[in-house]
Amino acid sequence: MRLVRYLKNYVRGNEHDIRERSFVNICLLVEFFVLVIYIWNFFIGEHRTKIIALSMIVFVVPVILFLSLRFDKTELGAVLLCMSGSLIVFPAVFFTAGGMRGCAILWDIFFFVFISVSVRGLFKIFLLILHAASILVCYIVSYIYPATVLQRSYETEILDSAGSVIAVGFLLVTIMEYQRLFYIEENKRTREQSKRVEELNASQNRFFSSMSHEIRTPINTIIGFNEMILREEISEEVAEDAINVQSASKMLLSLINDILDMSKIESGQMELVKGTYAPGDMLSDIVGMLWIKAREKNLDFHIEVDPSLPVRMVGDEMRIKQVILNVLNNSIKYTSEGSISLSVGFEKKNDREGTVVFTIADTGMGIKKENIPYLFSAFKRVDEEKNRYIEGTGLGLNIVKELVDLMGGKISVNSIYTKGSTFIIYIPQEISSEESVGKLNLEERHTLGKRKNRKVSFEAPKANILVVDDNHANVMVVQKLLRDTKIHIDAAESGQEALKKTQFNKYDLIFMDHLMPEMDGIECLHAIRNQTGGFNTQTQVVVLTANSGEKNRVLYSREGFDGYLLKPVSSIELEEELVNRLPKDYVAIKEEDVFEAGDEYRTNIFKRKMPVIITTESVSDLPVKFYEDKGVEVIPYYVHTENGDFLDGLETGVRGLVSYIKDEKKNAYSEAPKVSEYEEFFARNLLKAVNIIHISMSSSVGLGYKRALEASESFENVTVIDSKHLSSGMGLLVLEAARLVNETDNPDVIINRIIRSENKVHTSFVVDDTEYLKRAGRLAPVVYHIATSLFIHPVLTLRKGKMLPSGFYFGTKEHARKKYINRVLSNKNIDTSLLFVTYVDLEIEEQKEIEELINKKKHFDRIIFQCASSAISVNCGPGSFGLLYREKDNTEQ
């Protein structure tokens, strides 16, 4: 009975994979048709050997099928069945059923189909090859040894062949039909699941839209009445409380927008609404919303604005503001002390386009390297244990990433755990005005921490407007916000009441809510337009609704509304709408807003960052002036001695170190900076540049590349290149990178050019005394003694990043130097514009002798004798030197 339940489950059930179900059904079909053939063979008098071979199939198939179902290992069962068929059953049938002239050929063809349907992946390929090999072996054996094939009568062969053709034919047709039905069924299930998902998304969207509408309505009342309080003559304490209410209301509104936006993003309904806007005003609003929050945590707030930022641009101001607010809010949440800074830069592409670069930095807790890839995931909060007391949905940064992508921009983050984070946001925008903001003083635009005594922007005592809203509080908000304009405001709390008023009164403008009982705003609008004898069939109607989103905006425009205002609405938005729509002779413009003096936040002078900066390590062995002139930043290696640890080039000089290891016979070794030191080095330089390209010593020689690469994981704008060289060979790549920085600000171009240049640089050294190689652990004591006794001077060459011996010279050091110079400079492709002779403890006379040997062999425009860094010197030892150069580019040859 259990087997029957298993079979029903696989034959009729939908919870199993289609391949598993196919395997079970085909096995049942095979068992049925083999039994039929088994009986048929008895009927036609087939040889008992063939009967025994068929008996194997009759027995093996149900046993393997039962065990597969019993232990829920159908895939393993399919593999075992195919292997036993290829290796045992079918060879037996082949040799007992007439070989190449028998029915086994038909069953072999069927078995290829069986494997293809029942097994997947690499197992399928393996079993198909195995079965083909089994067939090939059977054919070869039957050809070489014909006696191995059981001979049957012609009549038996005909009858057996007829039965097999019919059986295999029916099997193949049945399998194809099963497969067709299975796939139809799977497609139907997929469509039903997709439909359920769509219905769920639609239901979710309706819920979020409804929630947004229901919450926006009371927030409209709170913000509206709160603004009226701020207009009154009240105490500073009450004013500050009102400002906090205003700030909290706007943050709540921002949270609602985040939830609604996430719903739109997931359903693919998020759209941009482009328009002309003033970046200065937008920044003033952003800072005004968040400065108080920073002040509450005693955080300094720094702002820098690029003077070249256009006065007006074209883009989705609301979405840009949302992106910056979310990131700034996130920085404030995760920063307990220190500062928050907002820098706004502008990169002009042409007269019509440019990119606004927002850089938001904080001194907060930072982000762990392993968490950075998950930073922009929805509902994901990194470092949950440490951040469990910080409020948030985990949606903010995910929405930021989606919106930035939608606007064709990009966002990157650089962070050091416990030190802080920097977000860099690039948003392409159209330029609407050739005028630039210049020195933008946001303090004059927005005074924070104090209330403002706002004078109304206009008066229109002749104007007559109607406000239609079923919520009495919303009507009161509009009436109070427009009280000082002296406009006559009539109110209706239903569509029917509005129609009664429009039948007998002429209005200059109507503000209409959408969702109202009995008659909604759209129905009321159509009724007003078609009202017989009405006075307002041509009056402009502006929808004043809590229904947000581009789809609703398009809906209202299509239905005939003349304008769209979203709750909560401010007095400024209402007044702007009225000024634009009321008859011009009704409107008397008054003076602009007047602010009380208050606390100021700091607007700093904008410091433009370099697009790319090149950094390297002290072992690159270039003259200090080169680093300074080319703007290359250097991180020092450590030199460890028995007397202490010293920074290469800063705390220890080469001469003192050489004297230490030469005269005092003491050991010293070099080491790359720690990962944390690389992180601090990169963070410090990212204050000056947008991108860092760090050129590190060959990874096979030291740990510098590995540690720098690990440190770079905290920064999206840092690229670490394995130079595959050391000393001045590495320095040549640094010089090339510095030259490319002056040609292009595209880091990818520079990186690709540097990587291609690695094979053109040649780095080698001839060692004077092998004792120092032995001390550094690069030479075994036995080899050292042999080299010393034979006066051997080895040549070490960097090949594919590895330091390998490339030659040996016997005799005096003068002889070895001459041979080395002649050999190295025999390369005909040397770029003769520059040659570095990097040395350890060579006297002036020795340097002159080497220069003479070089000039005799080849002329160079410039030869630089560079004293090797301490980190290099401890490994090569005094008297060693190398010739380091570049090969010519293909265009120069």
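A few comments on the model shown:
- MET318-VAL238 pseudo-label distance in nm [points 7 Å out on the Cα-to-Cβ vector]: 3.4 nm
- Multiplying the residue separation of GLU271 and LYS857 by 0.36 nm and removing their Cα-Cα distance gives an extension gain of 204.0 nm.
- Extension gain for the segment LYS348 to LEU406, taken as residue separation times 0.36 nm less the Cα-Cα distance, is 18.8 nm to one decimal.
- Residue ranking by accessible heavy-atom surface, 1.4 Å probe, largest first, among THR190, THR615 comes out as THR190, THR615.
- Ordering of 719-726, 398-405 by packing [mean C-beta count within 10 Å, highest first]: 719-726, 398-405
- Solvent-free Debye scattering, log10 I(q)/I(0), computed from the Cα coordinates of the range 478-599 at q = 0.11, 0.20, 0.23 Å⁻¹: -0.41, -1.23, -1.54
- Of the solvent-accessible surface of the range 781-876, computed with a 1.4 Å probe and all protein chains present, 56% belongs to carbon and sulfur.
- Take the Cβ atoms of VAL165 and LEU200, set R0 to 56 Å, and the FRET efficiency comes out at 0.60.
- The range 487-498 - phi-based ³J(HN,Hα) in whole Hz, Karplus 6.51/-1.76/1.60, Gly and Pro as x: 6, 7, 10, 9, 10, 9, 9, 6, x, 4, 5, 4
- In order along the range 523-540, phi translates into HN-Hα couplings of 5, 5, 4, 4, 5, 5, 5, 9, 6, 5, x, x, 8, 10, 5, 10, 5, 5 Hz, rounded to whole numbers, per the Karplus curve 6.51 cos²θ - 1.76 cosθ + 1.60 with θ = phi - 60° and x for Gly and Pro.
- Prolate/oblate/rounded label for the range 790-876 (Cα gyration tensor, a/c 1.5): rounded
- Whole-Hz couplings from phi, Karplus 6.51/-1.76/1.60, listed for the range 470-477; x for Gly and Pro: 6, 9, 4, 4, 5, 5, 4, 4
- Loop sites in the range 784-893: chymotrypsin sites (Phe, Trp or Tyr not before Pro), DSSP, at most 13 other Cβ within 10 Å: PHE791
- Heavy atoms of ILE872: accessible area, 1.4 Å probe, square angstrom to 10: 10 Å²
- Computed across the range 256-355, the Kirkwood hydrodynamic radius from all distinct Cα-Cα pairs reaches 15.2 Å.
- Volume per residue for the range 29-133 equals 88 cubic angstrom (convex hull of Cα atoms).
- Solvent accessible area, Å² - GLU497, 1.4 Å probe, full protein context: 70 Å²
- Members of LYS818/LYS857; LYS486/LYS506; LYS630/LYS848; LYS333/LYS419; LYS321/LYS368; LYS369/LYS419 lying beyond 20 Å, as alpha-carbon distances in this model show: LYS630/LYS848; LYS321/LYS368
- Exposure of ILE219 as accessible area (Å², to 10), given a probe of 1.4 Å and all protein chains: 10 Å²
- The largest accessible area among LYS800, LYS630, LYS274 belongs to the first residue in LYS800, LYS274, LYS630, and the rest follow in falling order (1.4 Å probe, all chains).
- Working from label points 7 Å from Cα in the Cα-to-Cβ sense, the MET56 to TYR143 distance is 2.3 nm.
- Value of Rg/Rh across the range 44-202 [Cα atoms, Kirkwood radius]: 1.11
- Inter-site label distance for ASN371 and ARG753 at 7 Å from Cα along Cβ, in nm: 3.9 nm
- Sequence ranges 23-35, 147-159, ranked by mean other-Cβ count within 10 angstrom, highest first: 23-35, 147-159
The values are calculated or read from the model by the stated rules, or taken from the named source; none is laboratory data. The model shown is predicted, which means the values in this text are computed figures rather than measured ones. Cβ coordinates were reconstructed from backbone atoms using ideal geometry, including for glycine residues, and neighbour counts include every protein chain displayed. Heavy atoms of the whole protein, side chains included, go into the accessibility calculation; ligands, DNA and RNA do not. Shrake-Rupley method; radii C 1.70, N 1.55, O 1.52, S 1.80 Å.
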